[in-house]
Amino acid sequence: MPALRQFDVIVIGAGAAGLMCAAQAGQRGRSVLLLDHNGQVGRKILISGGGRCNFTNLHCTAANFLSENKHFAKSALALYQPRHFVELVDRYQIPWHEKTLGQLFCDGSARAIVEMLLAECALGNVEITLNAHDLAVSGCSGAFRVSSSAGEFQSESLVVATGGLSIPKLGATGFGYDLARQFGLAVVEPRPALVPLLLGGAEDGWTALAGVSALVQAKVGDAKFQEMMLVTHRGLSGPAVLQASSYWRPGQPLLLDFAPQLPRNADLFEALKQPAARRDLPALRQALREILPQRLASHLAQVAAPSGWSNSAQEACSRNLRGFSLHPVGTEGFEKAEVTAGGVHTAALEARTLQARTLPGLFFIGEVVDVTGHLGGFNFQWAWASAVAAARAV
């Protein structure tokens, strides 16, 4: 039977947060083992941003994250900011560019980010063990024991960076949540986030518009996002809807403003009020085509036509299209969700270090924690920041 091997730090999960934490801890002089049940590191990094990795966002603040505690992310995000990661990327001479809204992408393949993180791990003499199956953790503060198909290991500190449930085909599991519960930490029920929404019933006709996209403001509760919406063969997607989906709960309406570029008090059908102007369905459709794609304009003219052609009826129709209510019947699930909302309850963790309050030496970082970013590089920045916060404390 192989001997029990001792490390200062064991990191479980070789995704963005795990790689970053292992590298940073190793470069602090700690002996580090990075374990993963996958046969490849950074699998979600490789597919992110269409294969170019949207590795951070210049405008990252705690306001860009969902959590039961909206202030929790502030400490880690202040400790390690987007400029710090950009400095690392520049040090490795990885070309990058800024897209809209502060989103930074590699000019080339996302593989450059994975190779950079592996190089950083090498600098810290991190030992990486992949295909480590049947993981089980036991022990207590200062003496955590991890058994696996790859061997038996022990460490003073254990960092859990196992991610969420999103994209199970890449190996996502609920292991991190199970581990938190094993050690008595509360878990906010995980749910799909940044995920397409499904339409059905009376609203099933929308799917006939599959492929149509338009600028909208999508609103769920108090959360609202002005970006593009895409109609799919099953419902709605696109940045605006993906953003709103993180806040959506079953039974809630999704409110769409189909003219977000216009002032709130603008009358979409002012042209129909002019002398000698036609007041009928073709005229309504034409007015909508001035601001929307033709197929979408035609559909809305049918499903949201005014009850009559008086000024007040047209004004009511205009207001309706500035807050049009749809009723999603569900989401595309974890299979299509970019991230997982919920996770290890932040009340169980110290904000500055991500260490469990009741069990020194146990840390949870990245997506496994109940901190979920908006679309556009924010989740990667949380991965880097939470990883560094833990690495400086192990």
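The values are calculated or read from the model by the stated rules, or taken from the named source; none is laboratory data. Keep in mind the model is a prediction, meaning the values are calculated, not measured. We place every Cβ from the backbone using ideal geometry, glycine too, and count neighbours over all the protein chains shown.
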Close pairs (9 angstrom Cβ cut-off, 6 or more residues apart or separate chains): without any contact (Cβ under 8 Å) to a residue 12 or more places away in the chain in the range 311-327, part of a loop (DSSP other than H, G, I, E, B) and hydroxyl-bearing (Ser, Thr, Tyr) anywhere: Ala313/Ser307; Ala316/Ser307
Does Leu209 satisfy being free of Cβ contacts under 8 Å to residues at least 40 places away in the same chain and either farther than 15 Å from Pro293 by Cα or out of contact with any Phe, Trp or Tyr (no Cβ under 6 Å at 6 or more places or on another chain) (or both)? no
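If only one of Leu170, Leu123, Leu179 is under 21 Å from Val41 (Cβ atoms) and buried (at least 18 other Cβ atoms within 10 Å of the Cβ), which one is it?
That would be Leu179, the only listed residue that is under 21 Å from Val41 (Cβ atoms) and buried (at least 18 other Cβ atoms within 10 Å of the Cβ).
Given the residues Gly18, Gly102, which is the only one that is surrounded by 15 or more Cβ atoms within 10 Å (Cβ to Cβ), more than 26 Å from Val344 (Cα to Cα) and out of contact with any Gly (no Cβ under 6 Å at 6 or more places or on another chain)? If you could, list the steps in order and put the result at the bottom.
On the way: Gly18 fails: more than 26 Å from Val344 (Cα to Cα).
Criteria check complete, one pass: Gly102.
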Assuming Pro250 fulfils every condition listed in (1) under 16 Å from Phe324 (Cβ atoms); (2) of a type outside the set (Phe, Trp, Tyr); (3) surrounded by fewer than 20 Cβ atoms within 10 Å (Cβ to Cβ) apart from one, which condition is it? (1)
Lys70 is checked against (1) out of contact with any Asp or Glu (no Cβ under 9 Å at 6 or more places or on another chain); (2) buried (at least 22 other Cβ atoms within 10 Å of the Cβ) and fails just one. What number does that condition carry? (2)
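So which of Leu79, Leu104 ends up being modelled with pLDDT of 95 or more, of a type outside the set (Phe, Trp, Tyr), closer than 26 Å to Lys336 by Cβ and assigned by TED's automatic domain parsing to the domain that holds Leu33?
Values: Leu79 fails: closer than 26 Å to Lys336 by Cβ.
So the residue among Leu79, Leu104 that is modelled with pLDDT of 95 or more, of a type outside the set (Phe, Trp, Tyr), closer than 26 Å to Lys336 by Cβ and assigned by TED's automatic domain parsing to the domain that holds Leu33 is Leu104.
I'm checking my understanding of the structure. Among residues of the range 126-148 that are out of contact with any helix residue (DSSP H, G or I) (no Cβ under 8 Å at 6 or more places or on another chain) and of a type in the set (A, V, I, L, M), which one is surrounded by the most Cβ atoms within 10 Å (Cβ to Cβ)?
Out of the qualifying residues, it is Val146.
Could you please give the count of residues in the range 285-321 that are among the hydrophobic types (A, V, I, L, M, F, W, C), part of a helix (DSSP H, G or I) and buried (at least 16 other Cβ atoms within 10 Å of the Cβ)? Spell out how you get there, then give the answer.
Residues of the range 285-321 that are among the hydrophobic types (A, V, I, L, M, F, W, C), as a first pass: 287-288, 291-292, 296-297, 300-301, 303-305, 309, 313, 316-317, 321.
Of the ones still in play, those that are also part of a helix (DSSP H, G or I) are 287-288, 296-297, 300-301, 303, 313, 316-317, 321.
From the residues that got through so far, the ones that are buried (at least 16 other Cβ atoms within 10 Å of the Cβ) too are 287-288, 296-297, 300-301, 317, 321.
Within the range 285-321, residues that are among the hydrophobic types (A, V, I, L, M, F, W, C), part of a helix (DSSP H, G or I) and buried (at least 16 other Cβ atoms within 10 Å of the Cβ) number 8.
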Please identify the pairs in which a residue from the range 11-36 that is under 15 Å from Met116 (Cβ atoms) has its Cβ atom under 9 Å from the Cβ atom of a residue that is basic (Lys, Arg) and outside any helix (DSSP H, G or I), counting only partners at least 6 apart or on another chain. Gln24/Arg392
Within the range 330-350, how many residues are part of a loop (DSSP other than H, G, I, E, B) and surrounded by fewer than 15 Cβ atoms within 10 Å (Cβ to Cβ)? 1
Looking at Arg357 and the list (1) surrounded by fewer than 17 Cβ atoms within 10 Å (Cβ to Cβ); (2) at negative phi; (3) in contact with a Leu (Cβ under 8 Å, 6 or more places away or on another chain); (4) touching a residue at least 40 places away in the same chain (Cβ under 8 Å), which single condition is not satisfied? (4)
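Got a sec? Which of Arg264, Arg279, Arg234 is more than 30 Å from Thr340 (Cα to Cα) and surrounded by 14 or more Cβ atoms within 10 Å (Cβ to Cβ)? Full working, then the answer.
On the way: Arg264 fails: surrounded by 14 or more Cβ atoms within 10 Å (Cβ to Cβ); Arg234 fails: more than 30 Å from Thr340 (Cα to Cα).
Among Arg264, Arg279, Arg234, only Arg279 is more than 30 Å from Thr340 (Cα to Cα) and surrounded by 14 or more Cβ atoms within 10 Å (Cβ to Cβ).
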